[in-house]
Structure formats: C-alpha cells, structure tokens
Amino acid sequence: MMFARGLKRKSAEEPEDVEGCSAGAQAMPSYSLQRQSLLDMSLVKLQLCHMLVEPNLCRSVLIANTVRQIQEEMTRDGTWRAVAPQAAGRAPLDRLVATDILCRSVREQEGECPAPDMGDGQPDLVPGLAVAPAAQAPRSPQSSLWEGDSSRESRGGFQKSLDQIFETLESKTSGSVEELFADVDSSYYDLDAVLTGMVGSTSSGPGSGLQAFASAATSPPSSSCRSDLGELDHAVEILVET
Amino acid sequence: PPSCWLFCSPLLPSPLTPALSPHRCHPPPSALSTPPSPGEGGEFRKQRPRGTQQGHHLQRNMAGAGGGNDIQWCFSQVKGAVDDDVAEADIISTVEFNHSGELLATGDKGGRVVIFQQEQENKIQSHSRGEYNVYSTFQSHEPEFDYLKSLEIEEKINKIRWLPQKNAAQFLLSTNDKTIKLWKISERDKRPEGYNLKEEDGRYRDPTTVTTLRVPVFRPMDLMVEASPRRIFANAHTYHINSISINSDYETYLSADDLRINLWHLEITDRSFNIVDIKPANMEELTEVITAAEFHPNSCNTFVYSSSKGTIRLCDMRASALCDRHSKLFEEPEDPSNRSFFSEIISSISDVKFSHSGRYMMTRDYLSVKIWDLNMENRPVETYQVHEYLRSKLCSLYENDCIFDKFECCWNGSDSVVMTGSYNNFFRMFDRNTKRDITLEASRENNKPRTVLKPRKVCASGKRKKDEISVDSLDFNKKILHTAWHPKENIIAVATTNNLYIFQDKV
C-alpha cells in the first residue's frame with residue numbers, strides 16, 4: 001500500500017483515463033497550484049502536531065523550512081500577496097490537489113487532464129476542487145487556520161503564524177488546557193537554565209536548586225516578559241530565590 | 001571539564017572504573033590521518049574488534065550477480081509475534097550487539113529491553129553458529145507525565161549502548177526521550193542457605209528457638225539473570241534524546257537531543273556538562289536540529305554530530321568547554337539538477353556511525369548512504385543509493401510522512417560492508433571493495449532455517465521482470481529502520497516493525 005492513510009493511489013500508467021476531458025475547458029494543475037497545495041499540506045501538517053506527546057521537533061523544523069522555501073519562492077515570483085480571507089469554515093484540505101496530480105511533474109501533465117479521475121481514488125478529498133483556474137491567485141493559507149487573524153497583512157501575518165508555531169512547539173500554549181499556563185514564562189520549560197546552568201556551583205546541595213525552581217514557579221512573571229527576561233536573568237532570579 | 005569531577009564526588013572504585021584512575025585518554029592519531037596501529041590502546045581495548053585483526057572469512061565478497069566467493073545469507077531465527085496485528089508496545093525501536101557479539105539487545109516502544117544470548121557453539125554441529133535465545137527481559141523505562149507541559153513522556157527506548165565488559169556482569173545504557181539509565185545485568189547461579197535467624201522461606205525465626213549455630217553455605221540454583229538500574233541520568237534534556245554514545249575512555253558518555261549535547265560521567269548522575277548548544281536565542285529562528293551524535297572510537301576527545309540540513313560537524317573537546325565551533329564541517333554541495341522543495345528534507349541525516357577503524361564515518365540520509373573520510377570535508381568518498389526509485393515519489397512520501405522515517409545504518413566488523421534498511425521489509429548491503437550491493441527481505445515466508453535468502457529487486461519503471469517488485473507495490477508500512485551487525489562474525493540482526501530477524505552467512 002502506498003499510503004498509510006488508505007488513500008488509493010492511482011496507477012501511473014493509466015493514460016486511457018484521460019479521455020472524457022474536454023480539451024482546454026479545464027485548466028491543468030500548474031506548478032503554482034502544486035506549490036500552493038504543498039504549502040497547504042505543510043501547514044496542515046504543522047497544525048496536526050498538537051498531540052498528547054510532544055511533537056517531533058525535527059519533523060516540525062523540516063516542514064517549517066519547506067514552508068519558508070515556498071514562501072520565499074512565491075515572494076520572488078511576485079505571486080505572494082494579500083488576499084481576502086475565506087469563509088471561516090473552509091478547511092485547507094479543500095484546496096489540496098490530489099497527491100498524484102501534485103506529485104506528477106509539470107511536463108507529464110501537459111498532455112493530460114486529471115479532473116475526471118478525481119472521484120475514483122481520492123475519497124478523502126472534496127472532489128472537483130482539485131483543478132482550479134490557472135488565473136486564481138494563491139490564497140493566503142493561514143487565514144482559515146488561524147481564525148481571527150483575518151485582519152493581518154498576509155505576508156507579515158504568515159511570518160507571525162510561523163513564529164506562532166514555534167512558540168507553540170516550545171511552550172505548548174494552544175488549546176484551553178494550556179491556557180492555564182499561558183502566563184507562565186516559557187523559559188520555565190528550559191530546564192537547562194535551572195539545572196545544567198548550575199554546573200560548578202557546588203555550594204548549594206542538590207535539592208536546593210529544585211526548591212528554588214519550585215518557589216519561583218509559584219509566582220510566574222507575566223507572559224509579556226517572555227522575550228524580555230533572558231535565560232540568564234531568569235537563572236539568576238532563581239539562584240537568589242526571589 | 002574532566003578535572004571538575006574530581007571535586008564533585010570521589011571516584012569510588014566500581015565495576016566501571018578501576019580504582020584511582022585518572023581521566024584516561026589516549027592521544028588521537030595525529031590529525032586523524034593515520035589509522036590506529038594494532039598495538040594502540042590500553043587494557044580496555046582488548047575486547048574491542050579492530051579492522052586489521054578480522055578473520056579472513058569476513059573479507060569474502062558479497063553476493064551480487066552470483067558466483068564464486070560471494071557470501072550467501074541464510075535465515076537463522078525470527079523473534080516476536082507472528083500475527084499481523086502489531087501491538088504498539090511491541091514495536092522494536094533499537095537493536096544493538098554487545099562488544100563480543102554474544103549478547104543482542106532490543107528496545108521497544110513499551111519501554112522494555114530484551115537481551116538475547118548466543119548459545120555456545122556446538123562443536124559437533126559445526127554447520128551452524130549458536131542460536132540467540134532470550135537471556136533477560138526487563139522494563140527499562142515507564143511512561144511519565146510532564147506536568148509543566150501537560151505532555152506525556154514516552155517510554156519508548158530510543159537507543160541502547162553496551163559498555164565493554166569488565167567483570168562478570170554486563171552493563172548497558174538505555175534511553176528514552178528524556179532519561180538515560182545504566183543497567184547492570186548479572187547472573188546468579190548460587191544462593192546462600194542455612195541462615196541462623198531466618199527460615200528458608202525468609203521468615204524470621206523466633207530467637208529463642210535457636211539452639212545451635214551454623215555457617216550458611218552457597219548452594220547451586222537455577223540460573224537467574226537479574227537486571228538492576230545502577231544509575232539514572234535525568235533532567236538534563238529539554239528536548240528529545242536521539243543518541244547516546246560511550247567514549248573510548250569508558251568513563252564518560254554523551255547524550256544528544258534535538259538542540260543540545262551533554263557529556264556525562266558514568267559515575268555521576270546529578271551533573272552533566274553541556275558541550276554543544278545550537279538552540280537559537282529566539283526559537284523562531286530555529287531552522288536546524290541535531291539528529292545524531294557519536295564519539296570517535298579511539299580518540300576520546302573527538303565526537304561528531306549530524307544535522308537536519310545534511311551536515312556533520314566534528315568537534316574536539318580540548319578546544320573549548322562548549323564545542324560550538326566545529327573543528328571540521330562535512331557537507332556535500334547540493335546537486336542543482338536534483339533540487340526540489342524536498343531537497344532539504346531528504347538531505348537530513350538520520351544516523352551517523354564511525355567505522356571500527358575510526359578512519360571513516362558513515363551517514364544515512366533518506367535516499368542514500370555516504371562514507372566520509374575524516375580528512376576530507378567537502379564531499380563523501382563513497383555514496384550508495386539505497387532506494388533511488390523513491391526520488392520521484394517524494395511528494396507522496398511527504399504526504400504520508402514516510403519521508404521523515406529515520407533509517408539507521410551499520411558497519412560490519414571489518415568495515416568492508418555497510419548495511420541499512422528500506423521499505424517492504426527490504427534491507428540493503430553494500431560491499432565497499434567489490435562495489436556490489438544486494439537487497440534482501442526479512443520475511444517469515446519461505447524462510448526455513450539455513451535457507452539461503454534470495455536477492456530482491458525493485459523495478460523502478462517500465463516493464464516489470466519476473467520476481468521483481470514494482471515501486472507501487474511496496475508496502476511503506478513495513479520499514480526496516482534498525483539493523484545491527486555482529487562485531488566479529490557475519491551475523492546480522494534486522495528489526496521489522498515487531499519482529500527481530502537473525503541472519504547469518506552460510507557456513
């Protein structure tokens with residue numbers, strides 16, 4: 001099985017399925033549509049890392065780098081621009097091109113029209129939306145993912161959203177449960193500031209470092225200090241047990 | 001850094017360190033340019049295999065087009081459940097032979113360690129080597145909950161590394177995402193009997209009933225193998241530990257997570273030294289993580305770590321306490337004709353292993369295995385394609401997350417052959433001398449003991465020949481991520497999802 005998720009993969013050697021497509025009436029997925037679809041897929045993947053277990057940082061970084069690459073290329077192309085946000089309920093999956101279309105090279109696609117095949121092998125995707133008019137501008141992907149951000153300028157908003165992902169990865173402040181910890185300085189999660197940073201300071205016993213940490217944790221600084229309060233300052237704060 | 005430990009705690013004699021040992025460190029070969037001579041190394045090295053001393057039989061060529069002196073791999077054993085329904089906890093997550101090859105350890109997702117021991121060779125039945133049977137099973141790690149982050153800490157064993165044997169007991173390090181443990185595995189085959197104050201079942205006797213005294217004696221008992229945790233190295237990693245590596249001084253070891261590498265002393269659990277830190281001041285600037293790390297096999301001040309961008313950095317701990325500046329940076333320039341949005345992902349290195357000689361290191365990225373000469377930083381000396389036919393499928397493999405699979409790789413004892421896993425329960429071996437390679441399958445079908453494995457072939461495109469498998473028929477859920485090669489013999493351990501296969505060459 002090609003896909004772990006059960007998507008049936010259309011065989012690459014089915015040129016006979018091309019018939020039934022009215023020539024020229026429907027645009028073929030262009031490189032930019034492929035790219036947009038890859039971007040959407042990547043953003044969905046990043047969102048899906050909020051699981052019970054801590055997400056795999058390597059995977060998240062690689063996906064985020066892919067997103068950045070696409071963004072940079074789209075910026076160079078001039079195809080990256082602000083677009084009005086979509087209806088709130090629209091999931092980015094709607095815009096995903098079928099994987100086999102996406103993964104086919106542009107050269108292969110020139111003689112084919114994939115639209116009639118959408119229904120067969122892709123039950124999970126909303127049919128009929130795979131092929132978009134070539135003139136369609138790429139939608140800003142984050143608008144449906146981060147609702148309420150619609151007022152943000154897409155480019156800056158995108159970067160901010162990417163940053164949000166990393167803040168989330170570090171501090172896990174998404175969701176209602178985590179909001180309880182929203183005020184906690186994220187550097188608390190950096191145990192190194194407390195523990196290995198204290199290597200060599202043997203004057204205090206092994207327990208006092210943890211006690212100082214615990215007492216500091218009960219009176220967390222506000223989240224606005226997150227970027228202001230450097231790790232060094234934080235460690236000093238704990239050491240002097242304020 | 002090493003001298004600091006003398007002030008932190010006394011170096012008690014232990015099975016791990018001889019009494020009064022200073023930080024034993026042998027000078028490296030100059031600029032790592034010459035292979036270590038056979039005479040190099042102290043008493044701790046006696047049990048470690050060296051490339052120059054391997055037996056002749058390991059120099060035989062690999063089976064390729066067939067014929068002549070090729071090695072033929074035979075099925076030997078398979079361990080694990082037969083049915084296809086795989087319990088999550090049974091998924092094998094690491095495989096490692098000990099230094100003599102007599103013991104084979106596996107770790108699984110359920111936090112258990114299972115150790116197999118090779119039977120003593122039956123001298124009469126010279127046509128087969130000893131089988132591996134279960135020697136010890138224990139729960140190494142339990143699931144934990146990080147209350148600060150509201151996240152579970154998986155008990156999955158990420159890595160096992162054996163310590164060289166110093167006395168009757170065996171020691172290994174096992175690690176999950178956050179905590180490393182030193183386990184002692186010892187045998188007990190006698191027990192004391194004849195206590196004065198206790199009955200045989202352990203109940204205490206009424207002292208008034210004791211009228212005579214006797215000396216307890218040891219009596220033989222059925223062999224019992226006990227595993228006990230001797231050290232727990234915790235709370236030093238904010239991110240997930242991906243590697244542990246024991247130093248050639250056999251006193252220290254490193255542990256690496258996504259962003260940091262720490263140096264430990266095996267005796268000391270409440271302190272570690274941070275030797276690499278690539279965490280950016282602003283996490284939003286994070287673009288690269290550490291994927292693997294390993295100490296040089298002979299040079300106790302040298303280690304390497306690989307990254308998600310396909311680079312390997314070699315560091316010398318003598319240069320500074322924090323090895324943020326590498327001594328060498330190994331990176332191959334990108335092939336512009338193969339550039340795609342997936343180029344970085346497939347260049348991410350999933351494993352790095354030094355050769356036994358210490359002269360070379362091997363890296364595994366998604367599609368290939370590369371051998372690097374430590375003296376040449378700008379490109380590998382050898383590159384082997386593991387499954388190049390996947391290059392045109394990268395988008396699908398990205399969609400189903402297979403592109404993030406972390407394959408490991410390993411050397412044979414003489415550093416002449418390297419092995420790594422692939423999909424469909426295939427694994428590949430590359431002979432560095434003959435440049436021949438072979439694809440084999442780990443499967444229960446058609447595998448009776450001492451059956452010679454049939455080479456497999458994947459048909460990339462076009463007409464599929466008989467016995468070939470087309471790329472689209474490959475099962476991407478059946479992946480071989482973990483393989484291990486006996487340090488002295490042609491015996492390999494290959495882990496499928498929940499089964500462990502042992503193959504050996506036809507004797």
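Just so you know, all these numbers are worked out from the coordinates, no wet-lab data involved. Just so we're clear, the structure is a prediction, and the values are computed from it rather than from any experiment. Cβ coordinates were reconstructed from backbone atoms using ideal geometry, including for glycine residues, and neighbour counts include every protein chain displayed.
Points to keep in mind about this one:
- Unsatisfied cross-links (Cα-Cα over 22 Å) in the set B:Lys79/B:Lys159; B:Lys79/B:Lys370; B:Lys353/B:Lys506; B:Lys156/B:Lys181; B:Lys181/B:Lys309: B:Lys79/B:Lys370; B:Lys353/B:Lys506; B:Lys181/B:Lys309
- Nearby lysines by direct alpha-carbon distance to B:Lys463 (threshold 28 angstrom, same-chain neighbours under 8 apart not counted): A:Lys8, A:Lys10, B:Lys393, B:Lys435, B:Lys454, B:Lys478, B:Lys479
- Residue separation of B:Lys506 and B:Asn167 scaled by 0.36 nm, minus their Cα-Cα distance, works out to 118.7 nm of gained length.
- Cα shape, the range B:223-347, gyration tensor, a/c 1.5 rule: prolate
- Between B:Thr208 and B:Ile232, the FRET efficiency estimated from the beta carbon spacing at R0 = 60 angstrom works out to 0.85.
- Whole-number D in µm²/s for the range B:126-236 (Stokes-Einstein; Kirkwood sum over Cα pairs; 25 °C, 0.890 mPa s): 136
- Residues B:Glu377, B:Glu288 arranged by fewest to most Cβ contacts within 10 Å: B:Glu377, B:Glu288
- Here B:Lys166 is the anchor, and the lysines within straight C-alpha reach of less than 16 Å, apart from those fewer than 8 places off in the same chain, are B:Lys46, B:Lys184.
- Protection proxy ranking of B:366-374, B:180-188, by the mean of other Cβ atoms within 10 Å over each peptide's residues and highest first, is B:366-374, B:180-188.
- Among beta bridges from DSSP that stay inside the range B:379-482, the antiparallel ones total about 80%.
- Only lysines eight or more places from B:Lys190 in sequence, or on another chain, were considered; those with a Cα closer than 20 Å are B:Lys198.
- B:Ile91 long-range amide H proximity, modeled H, under 5 Å: B:Lys109, B:Gly110
- Sorting B:Phe273, B:Phe303 by the number of Cβ atoms found within 10 Å of their own Cβ, with the fewest placed first, yields B:Phe273, B:Phe303.
- Taking amide H as placed 1.01 Å from N in the peptide plane, B:Val417 has its amide H under 5 Å from the amide H of B:Asn412, B:Arg432, each at least 5 places away in sequence or on another chain.
- By the beta-carbon count within 10 Å of each Cβ, the least crowded to most crowded order of B:Lys156, B:Lys435, fewest first, is B:Lys435, B:Lys156.
- Debye, to nearest 20: dipole size of the range B:360-491, +1 on Lys, Arg Cβ, -1 on Asp, Glu Cβ: 600
- For the range B:415-502, applying the loop criterion from DSSP together with a ceiling of 11 other beta carbons within 10 Å to the GluC sites (Glu not before Pro) yields B:Glu445.
- From phi via Karplus (6.51, -1.76, 1.60), per-residue ³J(HN,Hα) for the range B:252-261 in Hz, x at Gly/Pro: 10, 8, 10, 10, 10, 10, 4, 10, 9, 10
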